[in-house]
1. In whole Hz, with x marking every Gly and Pro, tabulate ³J(HN,Hα) for segment 438-452 from phi via Karplus 6.51 cos²θ - 1.76 cosθ + 1.60, θ = phi - 60°.
2. For a quick size check, give me the Cα extents of segment 245-401 along its three principal axes, largest first, whole Å.
3. So what's the back-of-envelope 222 nm ellipticity for the chain, counting only DSSP H runs of four-plus at -39500 (n - 2.57) apiece and dividing by all residues, rounded to 500?
4. Multiply the residue separation of A202 and E130 by 0.36 nm, subtract the distance between their alpha-carbon atoms, and state the gained length in nm to one decimal.
5. R90 to D339: extension gain in nm, 0.36 nm per residue of separation minus the Cα-Cα distance?
6. Starting from the Cα of A24, step 7 Å along the direction of its Cβ; do the same at R38; then give the gap between the two resulting points in nm.
7. R0 = 25 Å: FRET efficiency of D308 with S112, Cβ-based, nearest 0.05?
8. In the structure shown, do any of K164/K451; K143/K185; K89/K451 have a Cα-Cα gap over 25 Å, and if so which?
Amino acid sequence: MQFDMVSVGGGFSGLIPACRAAEAGLSVAVLEARSEGRYPCSSRYSTGVANVMGLPIMAEPDRLFRAIMDGSGENAHPGVARAIAENGKRVIEWLSQQGATFTQRALHHDQSGQQVLAPPRRATVGLDWEDRGPDLFMQRLEKNLTDRGGAVMRGTNVEALAVKDGVCVGVEATRDGEELRIAAKAVVIADGGFAANREMIAQYITPNADRVLCRVGPGAKGDGIRMAERAGAAIGRFGAFYGHIHHRDAMTNARLWPYPHLDAAAECGILVGPDGHRFTDEGRGGVCMANALAHLSDPLSAVLIVDDAIWKQEPAITTTVPANPTMMEAGGKLTTAPDIATLAGEIGVPAKVLAQTIVEYNEAIASNDFTRLTVPRSVRRHKPMPILTPPFHAIPLCTGVTGTMGGIVINEHAQALKPDGSVFPGLYAVGTPVAGLEGGPRAGYVGGISKSFVLGLLAGEHIAGVPIPKFA
Ligand SMILES: Cc1cc2nc3c(=O)[nH]c(=O)nc-3n(C[C@H](O)[C@H](O)[C@H](O)COP(=O)(O)OP(=O)(O)OC[C@H]3O[C@@H](n4cnc5c(N)ncnc54)[C@H](O)[C@@H]3O)c2cc1C
């Protein structure tokens, strides 16, 4: 079997470069490990919001570039960040030509104009992907691909890269127990990262990998990073991840993930560990809190504390899938008590310490001086609110890993690099398994879909030799 290019993985990161290359006349195949018609993957499960560090993907390029560099604590590769920033508008136009329909929505109250694949998911608990925008658009991309002579080869698990004289020349795969050697002038690794691989989570994120929630499709096994490393590609910049915080029962109750999550409510209240102390800056938002939980000695030991005013107001009742009341409707227990001492007793944390933690936090809000708190508190999207109004509520937490950060080092064309910085000829990487855009002290997250969209388009164009329009 021989193609001009193959994608390893059939999410947006694999379909988009294949569609673009097929459009330019190349012979292409998408090699997808799963065999289901509408195979499960993050692209299909996603909410479909194309944002870049929380900003609309079509925002002004310099603003996007700065957001990526600031958000990642200058951890991002400037060339790759620039490529994302400068091609946001163009990729939405190209995707629209491919049949994508977008609706505009505010992702958060302070962010209008987000492009969301239509129709968006409903305000319901658990997964809601069938016939939603991302699912429909994946079907459309596959149709476009096959209309142009390309193929999606389901049930094809890629196991290794074929490398000859330092050049990637294809892949080795299995399908229905048969070993396949597939020659390709270009291979795009687009396997969705390693959020579903406990061993790699233990290696790169937390040794307590069995105590974090896999908030992603089952295919994200980390194959792409491992096969690229074995082939001699540069890999790195692991440690942080994109995720959200959830009710702890989401570990066993599928109705409690991916929605509702508790990020917004937690930005208004406090997270405490089993000792009753705060341990993280809740104001930095859900991705930071999710990372902080993962790094606790027991990631399943933290609790969210709010009062009745927080629990009954915006944002707890107004986010896309509001935690109050959907969390309880989905079976998540809310522990409620008339006073803090009783609450502490019910959740098993030292009452005096919890009371003192809350007093200090309330004083910081009243004086608008957070500098004396042992663990700092910043204000980002939602203001911290005092914990004063009974009854008081506690929610046991877990952390959900949605997208891993770090992996294959790439350049602005999505070409994989070797450890000496030179290009790895024939090898590309798109989407979650790439390094060099995210992370840093605040676990800065460039939206997963935007990475798939833009890097996918750029990879397809580079492989096809299509001149890339310069941003004017
Ligand atoms: C619930 C949820 C909501 C989300 N919402 C948003 C959002 O609103 N905005 C946003 O920006 N991001 C969102 N994301 C993240 C976003 O969906 C992903 O970052 C993006 O879709 C990743 O696309 P991908 O193609 O790289 O990976 P995937 O869509 O995961 O596709 C990878 C594919 O590769 C296949 N594969 C794996 N290994 C192999 C192998 N060895 N051989 C062959 N095939 C293989 C897998 O089976 C899978 O089908 C969300 C994610 C989830 C889970």
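Quick note: the coordinates plus some simple rules give every number you see, no bench work behind them. Remember, it's a predicted structure, so these values are computed and weren't measured experimentally. So basically every Cβ, Gly included, is an ideal-geometry build from the backbone, and we count neighbours across all protein chains shown.
1. Here the 3J(HN,Hα) series is 10, x, x, x, 10, 6, x, 10, 7, x, x, 5, 4, 4, 5 Hz.
2. Extents along the principal axes: 40, 32, 31 Å.
3. It lands at -9000 deg cm²/dmol.
4. That works out to 22.7 nm of additional length.
5. Contour length minus the Cα-Cα distance gives 84.1 nm.
6. Between A24 and R38, the simple spin-label model gives 3.2 nm.
7. 0.25
8. Listed pairs above 25 Å: K164/K451.
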